[in-house]
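I have placed the structure first, in the form of structure tokens, so that the comments after it can refer back to it.
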Amino acid sequence: MFKFKTPPRSLFPVRLHRKNIYVLPTGHGLLFIAVLGAMLVGSINYNNNLGFLLTFLLGGMAFVSIFHTTRNLSGISVLSARARPVFAGDMAAFILRVHPSAGHRPAVRFRFAGGAALAQDLMGDQDNRVVLRAQARRRGRMRPGVLLISTRYPFGLFRAWSRLNAPISCLVYPRPIPTPPAYAHELADAAGEGAAPAGGGGADDFQGLRPYQPGDTLQRIAWKTYSQGQGLFTKSFVGKRRPQVMLDWDQTGPGDMETRLSRLCHRVLHAHRQGMRFGLRLPGETLAPGSAEPHKRACLRALALFGEPEAGGKESGFRQGGGKESGLQQSGGKESGLRQSSGKG
């Protein structure tokens, strides 16, 4: 087996051309060449003109197929890649946007190093969506490795391939571990000040309906009105304020770092489902209380990048072809929790 060096790092869009496409015969191709050699020796030995004709005809077809195999990859451009954040242990789906320069490109295979291959026909003159899946084994910034694009079209005698070292990554949240909430005393204090219990979503008297806004909790959506075809509305309440809690690293109980992060991840999801205003306090980083969907994602991102050297968020892992940042680039580039203020001493 041939062992290749890691290709130089490149940014999207990446185009395949003759300088980064390699061609070698496959196992069937080597066998085919050996058979042609035996046919040529037999034709020379017996001075058989029909043998010469068949040998050179098959050899010419095999030689021409090399150019068709290379041409099937040449001109393909990988414009961008993106992936939605997942929890540790789940399958991450990397969505590649691929555009062939011209013409139909059959039987093009995509895979990451060590992963399963996906064969797909690329339609010409349009963007094609290629989805590669890989298991997210641990939290943090998952990088699936070098992207391998190959083809054996048309006869399977030769294999052309190209290796791309593009900035492809996926944000992996800690896997939630169910644990009793450690903020019951804070809810009791909030109730004493006039706050509603968590199960009530911070509601007291029903005020009316208002148009739905992104970030509204599912418990407050007026599903009956929506089922009647009157649009999507959210129930509005007045009176008691919603409870506010702080999810603290010091209240996660005993365990290693990953276990404590998984407990905090479960509490973030639980507090968001209950419609609470919650904040997150990690060693070296504190997120102010909030309740909307972006706040939940910011807390999960802080947990995912806790202790990671790239928590500053300068490298997104995904660059769209037009420079538009991927959904994995969350706003805010706060440093991770394990980045203590070591500069002071």
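Numbers for the structure displayed
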quantity	calculated
Residue match in region 159-182 (condition: of a type in the set (D, E, K, R), under 30 Å from F67 (Cα atoms) and either out of contact with any strand residue (DSSP E or B) (no Cβ under 9 Å at 6 or more places or on another chain) or modelled with pLDDT of 95 or more (or both))	yes
Any pair with Cβ under 9 angstrom, 6 or more apart, that starts in region 83-112 at a residue that is more than 21 Å from H17 (Cβ to Cβ) and touching a residue at least 12 places away in the same chain (Cβ under 8 Å) and ends at one that is among the β-branched types (V, I, T) and not in a strand (DSSP E or B)	A83/I168; F94/I168; F112/V146; F112/I168
Qualifying residue in region 236-243 (condition: modelled with pLDDT of 85 or more, assigned to a loop (DSSP other than H, G, I, E, B) and surrounded by 12 or more Cβ atoms within 10 Å (Cβ to Cβ))	no
Hits in region 265-277 - residues which are crowded, with 24+ Cβ neighbours inside 10 Å and within 9 Å of T179 (Cα to Cα)	R267
Elements of type strands (runs of 3 or more DSSP E) in region 126-174, at least 1 residues being crowded, with 21+ Cβ neighbours inside 10 Å and of a type in the set (S, T, N, Q)	147-151, 158-164
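Okay, residues lined up against (1) surrounded by fewer than 17 Cβ atoms within 10 Å (Cβ to Cβ); (2) not in a helix (DSSP H, G or I):
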| site | (1), (2) |
| --- | --- |
| T6 | yes, yes |
| L11 | yes, yes |
| L30 | yes, no |
| A34 | yes, no |
| L57 | yes, no |
| T70 | no, no |
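The values are calculated or read from the model by the stated rules, or taken from the named source; none is laboratory data. Owing to the predicted nature of the structure, the values given are computational and were not obtained by experimental measurement. Using ideal geometry, Cβ is built from the backbone for each residue, glycine included, and neighbour counts are taken over all protein chains shown.
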